[in-house]
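The values are calculated or read from the model by the stated rules, or taken from the named source; none is laboratory data. As the structure is a prediction and not an experimental result, all values here were calculated from the model. Note that we place each Cβ from the backbone using ideal geometry, even for glycine, and neighbour counts take in every protein chain shown. In case anyone asks, the SASA skips ligands and DNA or RNA and just uses the protein heavy atoms, side chains included. Shrake-Rupley method; radii C 1.70, N 1.55, O 1.52, S 1.80 Å.
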Amino acid sequence: MKDRIEIRKDLIVVGAGMSGICTALQAARLGLSVGLIEASGYLGGNAGAEVRVNINGADGTSEFNLYARTGGILDEIVLENLYRNPQGNAFHFEALLEDVIAREPNIELFLNTAADGVETEEKDGSIRILAVKASQWKEEKKYSFRGFLFVDNTGNGSLGAMAGARFMQGREAAKTFEEKLAPEQADDFVLLGTLIYRAVDTGRPVQYIPPDFACNLKETGALSYRQIPKDSFATSRWFYETGGGIDPSEDSRLLQKHRELVYGIWDYVKNSGNYPAENYDLEYVSCTVGKRENRRFYGGYVLNEQDLTERHSFKDCIGFGGWSIDLHAVHGFFDQDLPNRHFYLPGIYQIPYRCCYSANVKNLFIGGRCASFTHVAHGSARVMGTLCTMGQAAGAAAFLCQERKKFPDQISSAELRQLLLREGAWIPGARRDGDLAASARITASSVLEDKNDRNLSMHPLEKDTALLLPVADRLEYLRLYVQAAEKTSLEIRICCSRHREGYDPEQELGRSQVILEPSTQPEWKELNLAFETQERFVWIWLKANQAVQLGWSQKNPTVALTLCREPNREANIWDACTGMPKEFVWNLSPFCLGYQAGQKEELYGPEQTVNGWGRPEGLANCWRSRTAEIPQKLRFEWEEEKRIKKGEIRFSAEFNRRIYSHLDRNDCRILPEIIRDYDVFAETEGERRCIAQVRGNYKRQNKIVFPESPVKALEFVFLQTNGAEYFSVDEVLLEEEI
């Protein structure tokens, strides 16, 4: 090989998985020079073209994770992919990631570049990385990447381990962190990986002769407690896991164990006669195992089970999770236990900034699944959507470190949180400080009323059902559209969460009973509800009653939601708080109960766009027009002229809609709530001019370029949605030129 090439950057990110990409993008956008190093030839890590895992986050599992889709940079990428690639083609997604990186001039990307050494110095009991050594074997190049700050996003924790960062591996004993879901004794088992395969119908019979190394599933006895689903035999399933007890850093040995399993599964599918697979042939088998766990580094704080189940609040919260605590059988496909248990959480939880940097390597951020979690907490926090919130935070923190010439544990978490909120991240419980937009007099052409009373159809109250309404303090009135077949009573519980960002019925606020007389026609019935709360989504919990019919709508213009309670029929859905199987689960209904509500304040008024919350959380936190009749206007006006440096408008984006990055399950290319066509007008004394005409928009966040001349008023004129029956804006941000 040639002499080592030296690369100097402000930030070196090792590993271009989704979290590492978010780190690099955020840091680069704030002005840092970034070296992004990836050992494979593809971007995206487990979401890349090799492993092809869908990007899951807090919106993936659990009952009460509402309005919880990951925001910030990841949501930008996901919405772009939805527009370009709604069918979820893994290669199109990877090409999009290449585009996203290439647009940032401050990022220099190094693919097929494996980190294989570090240069460090030790001082005052802590370690500092000076350089990362890496090689491109095919190009016969060696590099030395030097910088002030480094990020380990390798998944395996390779960089941190080489640098001497303290780490955990395997399962901690229950007493170590007082975790109920941990084993009694510590051991070396980790969550296993999966090798991805895909088969296609060739249109003609295909013979399959397995290789000698393929395992014989009949001889293993695994088919007594594992099934290869007949409706998805052509693709791998997440529970096709193996390698229990093998050090997850032993890539070659693990890969071979998985290949034995994959080709053994395909042998059984093709040759057992139990599957309609005569014409099918393997099209793709990945060359790398999609790993779930290896090392986990000690950070300034170790996130543990109680932080998730009790939803602890952190002053330095910079991200959130909510995926169930998803713990798998330790021997995978060959284990006689359930393949996994989804321990459902009572809602989303906060992740502190202290989980994002090494406890003993001063200039090392720890990203991806090797961040500072216990094994149990890692069972939830490891999913890519959650890790991306941490990745974006690390990129913003790196900017503050570079600007202040401080190490990661020395910067202000309050300043970091405000920076992240301005950059489009969502942090539960955190409110963005006011800016120039908040100082304006804000008016709108119309405001949505707090009601859902159009196009209702009647259906019996067959199961417990809850209407979730955002309430500032109390309801002046609430009416439901009701019809009773006989004289009966409607039993009601009123509940809410302890947490502003929560949607669970943890706290009971009151009970009520409504006597209904039999009627031949439905009517609006006012409920007698006496309670007080403070900016919470309140449960109006209706007990099942077959004699009662309620009005439902297919479309709902408000942010209210409806949940229905169902018996749990899945053996692997358990309760994280009790450690027992769940008897019932609450499911979000695709329809909404009809209602009419009254509160002292307008829930959807234009001032909501500058209240600093950014999405539904406690309240609606958005301006919403009464209809989609055009034009609809949102106006900002100041007493004196202002010079605006830059601005941004953020549209509502259906944060309860799950968007799939890889699976062909998306039903649209553009979210209907996002405003498609609009104009922006700037006004001075006696002059009004159009400074922006936007057509065909599909992005949530739109930046606005302002003229150098001062502005006395700013008006958005909205002309077309992407299908919604209203116009909706979450935030308007304006920065004044000082």
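Please give the contour-minus-distance gain from residue 643 to residue 200: 0.36 nm per residue of separation, less the Cα-Cα distance, rounded to one decimal in nm.
Once the chain is fully extended between residue 643 and residue 200, it gains 153.5 nm.
Give me the three principal axis extents of the stretch 20-73 from the C-alpha atoms, as integers in angstrom, largest value leading.
Principal-axis extents of the stretch 20-73 (Cα, largest first): 41, 30, 10 Å.
Can you pull the Kirkwood radius for the stretch 289-442, inverse mean 1/r over Cα pairs, to one decimal in Å?
Evaluated over the stretch 289-442, this radius sits at 16.5 Å.
Using 7 Å Cα-to-Cβ label points, what is the residue 555/residue 685 separation (nm, one decimal)?
Distance between the two pseudo-spin positions: 4.6 nm.
Relative contact order for the stretch 556-637 using alpha-carbon pairs under 8 Å, separation at least 6, rounded to a whole percent?
Answer for the stretch 556-637 is 23 percent.
If you count, for each residue, the other Cβ atoms within 10 Å and average over each peptide, how do 197-203, 397-403 line up from highest to lowest?
So the peptides 197-203, 397-403, ranked by packing, come out 397-403, 197-203.
According to a simple spin-label model (label point 7 Å from Cα along Cα-to-Cβ), what is the distance in nm between residue 515 and residue 736?
With each label placed 7 Å out from Cα toward Cβ, I get 6.1 nm.
Cross-link candidates for residue 451: which lysines have Cα within less than 19 Å, leaving aside residues fewer than 8 places away along the same chain?
525, 555, 600
Name the residue from 542, 563, 574 whose Cα lies farthest towards the positive end of the charge dipole of the stretch 534-581, charges +1 on Cβ of Lys and Arg and -1 on Cβ of Asp and Glu.
Toward the positive end, the furthest listed residue is 542.
Could you tell me how many cubic angstrom of Cα convex hull volume the stretch 621-723 has per residue?
Once divided by residue count, the hull of the stretch 621-723 is 124 Å³.
What value does the stretch 452-512 have for Rg/Rh, both radii from Cα atoms and Rh as Kirkwood defines it?
When Rh is taken as the Kirkwood radius, the ratio is 0.98.
Using 5 Å bins from zero, what percent of all Cα-Cα pairs in the stretch 11-157 falls into each bin?
The calculated distribution, bin by bin, is 2, 9, 17, 20, 19, 14, 9, 6, 3, 1, 0.
Could you give the alpha-carbon Rg of the chain over 2.2 N^0.38 Å, rounded to two decimals?
Dividing the Cα Rg of the chain by 2.2 N^0.38 Å gives 1.00.
Would you mind checking the pairs 9/123; 175/291; 218/257; 218/270 and listing those with alpha carbons more than 24 angstrom apart?
175/291
What's log10 of I(q)/I(0) for the stretch 363-514 at q = 0.09, 0.11, 0.19 Å⁻¹, Debye sum over Cα points only, no solvent?
Log10 I(q)/I(0), no solvent term: -0.57, -0.78, -1.25.
From the Cα gyration tensor of the stretch 506-613, with a ≥ b ≥ c the square roots of its eigenvalues, which class applies: rounded if a/c is under 1.5, or else prolate if a/b is larger than b/c, or else oblate?
Oblate, since a/c reaches 1.5 and b/c is not below a/b.
How many nm is it between the label spots at residue 535 and residue 664, if each spot is 7 Å from the Cα in line with the beta carbon?
4.5 nm
Pull out the extension gain between residue 528 and residue 580, defined as 0.36 nm times the separation in residues minus the alpha carbon to alpha carbon distance; nm, one decimal.
Additional length available on full extension: 15.1 nm.
With only Lys, Arg, Asp and Glu charged, each at its Cβ (+1 for the first two, -1 for the last two), find how big the charge dipole of the stretch 206-285 is about the Cα centre; round to the nearest 20 debye.
With Lys and Arg at +1 and Asp and Glu at -1, about 240 debye.
List, largest first, the extents of the alpha carbons of the stretch 550-626 along their principal axes, each in whole Å.
Largest first, the stretch 550-626 extends 47, 32, 19 Å along its Cα principal axes.
List the relative contact order of the stretch 29-133 as a percent without decimals, with contacts defined as Cα pairs under 8 Å and 6+ residues apart.
36 percent
Ranked from highest to lowest mean number of other Cβ atoms within 10 Å per residue, what is the order of the peptides 37-47, 502-512?
Result, highest mean Cβ count within 10 Å first: 37-47, 502-512.
Expressed in nm to one decimal, what extension gain is obtained for the pair residue 223 and residue 472 from 0.36 nm per residue of sequence separation less their Cα-Cα distance?
Length difference between fully extended and current span is 84.1 nm.
Run the dipole for the stretch 1-75 about the Cα centre, Lys and Arg Cβ at +1, Asp and Glu Cβ at -1, nothing else charged, and hand back the magnitude in debye, nearest 20.
Approximately 260 debye in magnitude.
Just to compare against my own numbers: the Cα pair-distance distribution for the stretch 102-142, 10 Å bins, whole % per bin, please.
All Cα pairs considered, the percentages come to 24, 34, 30, 11, 0.
Within straight cross-link reach of residue 315, meaning Cα distance under 24 Å, which lysines are found once same-chain residues fewer than 8 apart are removed?
362, 405, 406
Sorted by packing (mean other beta-carbon atoms within 10 Å per residue), highest first, where do 216-223, 475-482 land?
475-482, 216-223
For every helix of n ≥ 4 consecutive DSSP H residues, a contribution of -39,500 (n - 2.57) applies; sum these over the chain, divide by its total residues, and give [θ] at 222 nm rounded to the nearest 500 deg cm²/dmol.
Per the formula, -4500 deg cm²/dmol.
Along the three principal axes, how long is the stretch 669-738 when you take its alpha carbons, biggest first, rounded to the nearest angstrom?
39, 24, 16
Could you report the stretch 592-738's accessible area per residue, 1.4 Å probe, as an integer in Å²?
Dividing the accessible area of the stretch 592-738 by its residue count gives 42 Å².
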